[in-house]
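*Asks:* First the structure, which I've put down as structure tokens, then a few questions once you've had a look.
The values are calculated or read from the model by the stated rules, or taken from the named source; none is laboratory data. Since the structure is predicted, the reported quantities are computational estimates derived from the model, not experimental observations. Here the Cβ positions follow ideal geometry from the backbone for every residue, glycine too, while neighbour counts run over all protein chains shown.
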Amino acid sequence: MKQSICIIGLGYIGLPTSVMFANHGHRVHGVDVNESVVERLGRGEVTIEEPDLERRLNEVIDNGMLTVATKPQESDVYIVAVPSPITAAKEPNFDYIRSATQSLVPYVKKGDLVILESTVPPRTVADVMIPILEQSGLNIGEELFVAHSPERVIPGRVFEELISNDRIIGGVNERAAEMTADLYSTFVKGKMHLTDATTAELVKVMENTYRDVNIALANELAKIAATIGVDVWEAIQLANYHPRVNLHQPGPGVGGHCIAVDPWFLVDIQNVNTPLIRTARETNDFMPRYTAMMTNDLIAERPTKRVAVLGLAFKGNIDDMRESPSLDVIHYMNEEGLQVNAYDPHILTEALPEQCATLEETVEGAEAIVILTSHDAFAELDPEPLAQQVANRLVIDTKNCLPRERWEAAGFTVQVLGNSKH
Ligand code: SAJ
């Protein structure tokens, strides 16, 4: 059954989700507090980089199935997809969730469904959303239904994963969970797993914490390998042939609004009982400093401290710089007295003082080129012309994404993070 859906938050999750529901015949009203986002989307202009988003957005803006505004409107279903960041003290910040939920109170009516998609600390539906929704005077679970169905998509493959991923659905009761499963069955081909809201909240945070802890292990192994003449990337590949081993990839740090944030939700609940989760966060948060120190050591004998940093996005082939490790690497490089020029082909708006408009300008006279993000554009680079521009043919590849032989053939020394074999 087609329903009218109001989605609060038109960011990296809310926008593709709005478009997907509208593509599948639901009348969707998208809401964002940012007026320029609403204006641009209303013109069919994408505000985030995601494959196939532009085509799908224009389809539903043109046929009127998607309307966008800064205010909600009465609907059958309300989906909250706003940020859930942490404070500087690493504690959950519920401000966006609270104000989004509050904005729904004047609109909700008997029989409606409210779904939280944002990743949140366990008990956010119970302790934060429901007390606000009760101001409507409706009985939660009998007149107004509430569920948590956390998004699990990865940037760059959002539309595929919205369809193919299994979905965890946690309702305040069975009825709420079933109503939510019915709605998502519009496009979800993966299995629906129904549970209660608090379990669903914990499951999503567990998934991202699992990834963060495994990345921390890979980063520790990389630091060991760097001292014993081993290539950690080769070693990880070999270890992963074991049927029960799935080692992740090391790198210059963990970015984004998810893996670098969500584990702190668990530490906040049980500080004393989460030494592993906290240590993993600290291990990954140390990698930007490790990368800056490694770079400084490798050019210590060089006449200048000029370095070219390639990659500002928190991961390959996206335009998202939120919590990007590159920002911390550049910060620590500045602290080490390095002279940083930075460039990212996916981020052309001036976001940093160190940012240059072109690759050529960035590498001119550099003592080292430092790759921080595994963009395809970097793996496809022709090192020959760069070899003529740099002061020193040294490339530090923290993501092991460059074709080593090609760079060596151009006269570069290739130093890969965690590899002291070559
Ligand atoms: N990273 C590593 N080593 C790895 C994998 C990732 O250093 O082996 C780094 C990346 O470079 C990046 C960060 O970790 O800086 C996060 O990258 P990611 O590939 O984990 O991607 P996210 O944060 O965009 O997406 C994650 C996904 N969660 C899991 O895979 C468990 C996605 O499914 C979630 O929907 C998303 O978080 C989210 O929104 O929660």
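Yes/no matrix, rows are residues, columns are (1) closer than 19 Å to residue 74 by Cβ; (2) assigned to a loop (DSSP other than H, G, I, E, B); (3) aromatic (Phe, Trp, Tyr); (4) in contact (Cβ under 8 Å) with a residue 60 or more places away in the chain:
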position: 97; (1), (2), (3), (4): no, no, no, no
position: 109; (1), (2), (3), (4): yes, yes, no, no
position: 115; (1), (2), (3), (4): yes, no, no, yes
position: 121; (1), (2), (3), (4): no, yes, no, yes
position: 133; (1), (2), (3), (4): yes, no, no, no
position: 146; (1), (2), (3), (4): yes, no, no, no
position: 160; (1), (2), (3), (4): no, no, no, no
position: 176; (1), (2), (3), (4): no, no, no, yes
position: 186; (1), (2), (3), (4): no, yes, no, yes
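*Asks:* Then there is this: Of all residues in the range 196-226, which are more than 20 Å from residue 288 (Cβ to Cβ), surrounded by fewer than 17 Cβ atoms within 10 Å (Cβ to Cβ) and away from the ligand (no atom under 16 Å from the Cβ)?
*Replies:* 199
*Asks:* If you don't mind, there's one more thing I want to ask. Within the range 304-327, take every residue that is more than 9 Å from the ligand (Cβ to nearest atom) and part of a loop (DSSP other than H, G, I, E, B) and give me the one that is surrounded by the fewest Cβ atoms within 10 Å (Cβ to Cβ).
*Replies:* 304
*Asks:* May I ask you to list the residues in the range 293-320 that are of a type in the set (A, V, I, L, M, F, W, C) and either under 22 Å from residue 412 (Cα atoms) or modelled with pLDDT of 95 or more (or both)?
*Replies:* So in the range 293-320, the residues of a type in the set (A, V, I, L, M, F, W, C) come out as 293-294, 298-300, 307-310, 312-314, 318.
Result: 293, 294, 298, 299, 300, 307, 308, 309, 310, 312, 313, 314.
*Asks:* Could you list all residues from the range 150-163 that are within 11 Å of the ligand (Cβ to nearest atom) and not small (Gly, Ala, Ser)? Working first, answer last.
*Replies:* Going residue by residue through the range 150-163, those that are within 11 Å of the ligand (Cβ to nearest atom) are 150-158, 161-162.
Result: 150, 151, 152, 153, 154, 155, 157, 158, 161, 162.
*Asks:* If residue 15 meets every condition in (1) modelled with pLDDT under 95; (2) within 19 Å of the chain's Cα centre (by Cα) apart from one, which number is that one?
*Replies:* Condition not satisfied by residue 15: (1).
*Asks:* All but one of (1) outside the structural domain of residue 311 (by TED's automatic domain parsing); (2) at pLDDT below 95 hold for residue 221; state the number of the condition that does not hold.
*Replies:* Evaluating residue 221 over (1) outside the structural domain of residue 311 (by TED's automatic domain parsing); (2) at pLDDT below 95 leaves (2) as the failure.
*Asks:* Tell me which residues, restricted to the range 378-408, are within 16 Å of the ligand (Cβ to nearest atom) and small (Gly, Ala, Ser).
*Replies:* Scanning the range 378-408 gives a single hit, 379.
*Asks:* Consider only pairs whose beta carbons are under 9 Å apart and that are at least six residues apart or on different chains; among these, list those whose first residue lies in the range 249-264 and is free of Cβ contacts under 8 Å to residues at least 60 places away in the same chain and assigned to a loop (DSSP other than H, G, I, E, B) and whose second residue is near the ligand (Cβ under 6 Å from one of its atoms) and not aliphatic (A, V, I, L, M).
*Replies:* Partner pairs satisfying both residue conditions: 259/208; 259/211.
*Asks:* Within the range 273-290, identify whether any single residue is of a type in the set (Lys, Arg), outside any helix (DSSP H, G or I) and either at positive phi or touching a residue at least 12 places away in the same chain (Cβ under 8 Å) (or both), and answer yes or no. Lay out the reasoning, then the answer.
*Replies:* Our first condition is that a residue be of a type in the set (Lys, Arg); within the range 273-290, this holds for 278, 281, 289.
From what's left, outside any helix (DSSP H, G or I): none.
Checking the range 273-290: not a single residue is of a type in the set (Lys, Arg), outside any helix (DSSP H, G or I) and either at positive phi or touching a residue at least 12 places away in the same chain (Cβ under 8 Å) (or both).
*Asks:* Among the numbered criteria (1) in contact with a helix residue (DSSP H, G or I) (Cβ under 7 Å, 6 or more places away or on another chain); (2) part of a loop (DSSP other than H, G, I, E, B); (3) surrounded by fewer than 22 Cβ atoms within 10 Å (Cβ to Cβ), which single criterion is violated by residue 332?
*Replies:* (2)
*Asks:* Any idea which of (1) surrounded by fewer than 17 Cβ atoms within 10 Å (Cβ to Cβ); (2) among the polar types (S, T, N, Q); (3) at pLDDT 95 or above is the one residue 270 doesn't satisfy?
*Replies:* Tallying (1) surrounded by fewer than 17 Cβ atoms within 10 Å (Cβ to Cβ); (2) among the polar types (S, T, N, Q); (3) at pLDDT 95 or above, residue 270 fails exactly one: (3).
*Asks:* For the range 349-377, what are the residues that are closer than 26 Å to residue 337 by Cβ, part of a loop (DSSP other than H, G, I, E, B) and within 16 Å of the ligand (Cβ to nearest atom)?
*Replies:* Here is the first cut: in the range 349-377, the residues closer than 26 Å to residue 337 by Cβ are 350-373.
Within this subset, residues satisfying the condition of being part of a loop (DSSP other than H, G, I, E, B) are 350-354, 356-358, 364-367, 372-373.
Result: 372, 373.
*Asks:* Condition check: within 12 Å of the ligand (Cβ to nearest atom) and under 30 Å from residue 28 (Cβ atoms). Does residue 166 satisfy that? Walk me through it before giving the result.
*Replies:* Working: within 12 Å of the ligand (Cβ to nearest atom): yes; under 30 Å from residue 28 (Cβ atoms): yes.
Against the criterion (within 12 Å of the ligand (Cβ to nearest atom) and under 30 Å from residue 28 (Cβ atoms)), residue 166 qualifies.
*Asks:* Going through the range 41-52 one residue at a time, which ones are more than 15 Å from residue 155 (Cα to Cα) and buried (at least 16 other Cβ atoms within 10 Å of the Cβ)? Spell out how you get there, then give the answer.
*Replies:* Step one: of the range 41-52, the residues more than 15 Å from residue 155 (Cα to Cα) are 41-45.
Result: 41, single match.
*Asks:* List the number of the failed condition for residue 123; all other conditions in (1) in contact with a His (Cβ under 9 Å, 6 or more places away or on another chain); (2) surrounded by fewer than 16 Cβ atoms within 10 Å (Cβ to Cβ); (3) closer than 25 Å to residue 267 by Cα hold.
*Replies:* Every listed condition holds for residue 123 apart from (1).
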